Amino acid sequence: MFRLARTSRRPTAGFSLVELMVVMAVVSVLLGVLLPSLRSVRMTTYRVISAGNQRTLGQGLTMWAGAHKGKLPPSRVLEENDGIADLAELMRVYAPRVTEQDRGLAVAQRKKHPGYELALDDLHWHGWDGLGHLFASGLVKAPEVFYSPAHWGEHSYRRYREDWVPPDPIAPEMQPDHPVYCNFHYSGHLDDNGRHTILDRSPITMVSVDGLRRRSDLNHRIGLNVLRTDASVMWQDDPFLLGALPDSESAIQFESHNDLIRTLWRDPWKRGAAFWVGADPNG
């Protein structure tokens, strides 16, 4: 008579509920400790990348000035509206400008002179403006350079990626039909007295900072990178600046916003936002 062999069953190894809860608690503690450090590393990385982009723009400005008697690229923001400039708009790198007359003139010149190359900054037939002249002239060819990875507002590179089309007088319809903004704020080609800023005369003048158009345009929230006319970039801590900027269109007060921007441009290292919001700049 055959007997069935007994199979020994050993209990399978596993985690008890208590062990699982302990592991989850340890992971939670580690995340709480590590996440702030990871966030800080990411912010520092973004700050370095942004500074590198501004440094590239500074090199482009130096090359532009070398071909234009030391002058910086013109900004229509400072020349239009009867001299009443909205300095917040100096973040704009493009605004539609092509007219039928401009297009006709460009095509006629090409027909008369097959080898003719339209000087992009002579007729102003295209809409690239301010820092956008660096792209239109081919001095800075990568659109990503005009943006910061730290940007958290509505003017991201992703939004405008399809709009960065090199100007072509034969096909001006390829240009955007709406304004394009970058993440850096141009100080313009004119000083407070309406004179052209010449690089050789003012080698350490501020020429660009992180965006100041709205609160969400301040890329780093706790300060800003400052590009000078010698193409150097310096970091300026300023925890008060974010709160001083308007957070929406309805919150904008034109004159006070202009005054805020002018004050920062005059001396971004010694008189930051704490000066104009009434806080004690010495802490």
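The values are calculated or read from the model by the stated rules, or taken from the named source; none is laboratory data. Since we're looking at a predicted model, the values are computed, not measured. Because the Cβ atoms are built from the backbone with ideal geometry, glycine has one as well, and the counts that use them run over all protein chains shown.
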Query raised in the report: Among 237, 247, 259, 230, which is the only one that is touching a helix residue (DSSP H, G or I) at 6+ places or on another chain (Cβ under 6 Å), of a type in the set (D, E, K, R) and at pLDDT 85 or above?
Result: 247
Requested in this report: Could you check how many residues of region 158-179 are touching a residue at least 12 places away in the same chain (Cβ under 8 Å) and in contact with a helix residue (DSSP H, G or I) (Cβ under 6 Å, 6 or more places away or on another chain)?
Outcome: 5
Query raised in the report: When only residues in region 181-197 that are assigned to a strand (DSSP E or B) and of a type in the set (Ser, Thr, Tyr) count, which is nearest to residue 62 (Cα to Cα)?
Result: 186
Query raised in the report: Which numbered condition trips up residue 238, out of (1) touching a residue at least 60 places away in the same chain (Cβ under 8 Å); (2) touching a strand residue (DSSP E or B) at 6+ places or on another chain (Cβ under 7 Å)?
Result: (1)
Report task. Could you give me the residue pairs with C-beta distances under 9 Å whose first residue belongs to region 45-64 and is closer than 11 Å to residue 150 by Cβ and of a type in the set (Lys, Arg), whose second residue is surrounded by fewer than 16 Cβ atoms within 10 Å (Cβ to Cβ) and at pLDDT 95 or above wherever it lies, and which are 6+ apart or on separate chains? Result -> none
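So if I check each of 216, 232, which one is of a type outside the set (A, V, I, L, M, F, W, C) and farther than 22 Å from residue 56 by Cα? It would help to see each step written out before you state the result.
Values: 232 fails: farther than 22 Å from residue 56 by Cα.
Step by step, each of 216, 232 is checked, and only 216 is of a type outside the set (A, V, I, L, M, F, W, C) and farther than 22 Å from residue 56 by Cα.
Could we say that residue 66 is part of a helix (DSSP H, G or I), more than 22 Å from the chain's Cα centre (by Cα) and modelled with pLDDT of 90 or more here? Step through it out loud before you land on a result.
Details: part of a helix (DSSP H, G or I): yes; more than 22 Å from the chain's Cα centre (by Cα): yes; modelled with pLDDT of 90 or more: yes.
Taking the combined requirement at face value, the residue satisfies it.
Go through region 198-232 and count every residue that is outside any loop (DSSP other than H, G, I, E, B) and more than 23 Å from residue 77 (Cα to Cα).
In the first step, residues of region 198-232 are kept if they are outside any loop (DSSP other than H, G, I, E, B); the result is 198, 206-210, 215-217, 223-228.
Then drop every residue that is not more than 23 Å from residue 77 (Cα to Cα), which leaves 223.
Residues in region 198-232 being outside any loop (DSSP other than H, G, I, E, B) and more than 23 Å from residue 77 (Cα to Cα): 1 in total.
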Query raised in the report: For residue 169, are the conditions met, namely being surrounded by 13 or more Cβ atoms within 10 Å (Cβ to Cβ) and either touching a strand residue (DSSP E or B) at 6+ places or on another chain (Cβ under 8 Å) or at pLDDT 95 or above (or both)?
Result: no
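Taking region 180-193, which residues are polar (S, T, N, Q) and either in contact (Cβ under 8 Å) with a residue 12 or more places away in the chain or touching a Lys or Arg at 6+ places or on another chain (Cβ under 8 Å) (or both)? Before you say what the answer is, go through the steps one by one.
First pass over region 180-193, keeping only residues polar (S, T, N, Q): 183, 187, 193.
Matches in region 180-193: 183, 187.
Is at least one residue of region 193-200 of a type in the set (D, E, K, R) and at pLDDT 85 or above?
Looking only at region 193-200, we keep the residues that are of a type in the set (D, E, K, R), and these are 195, 200.
Going one step further and asking which of them are at pLDDT 85 or above, we end up with none.
Scanning region 193-200, I find no residue that is of a type in the set (D, E, K, R) and at pLDDT 85 or above, so the answer is no.
Inside region 142-164, can you point out the residues that are surrounded by 15 or more Cβ atoms within 10 Å (Cβ to Cβ) and either of a type in the set (S, T, N, Q) or in a loop (DSSP other than H, G, I, E, B) (or both)?
Correct list: 147, 148, 149, 150, 151, 153, 155, 156, 164.
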Report task. Take residue 178 and decide whether it is part of a loop (DSSP other than H, G, I, E, B), within 25 Å of residue 143 (Cα to Cα) and at pLDDT 85 or above. Result -> yes
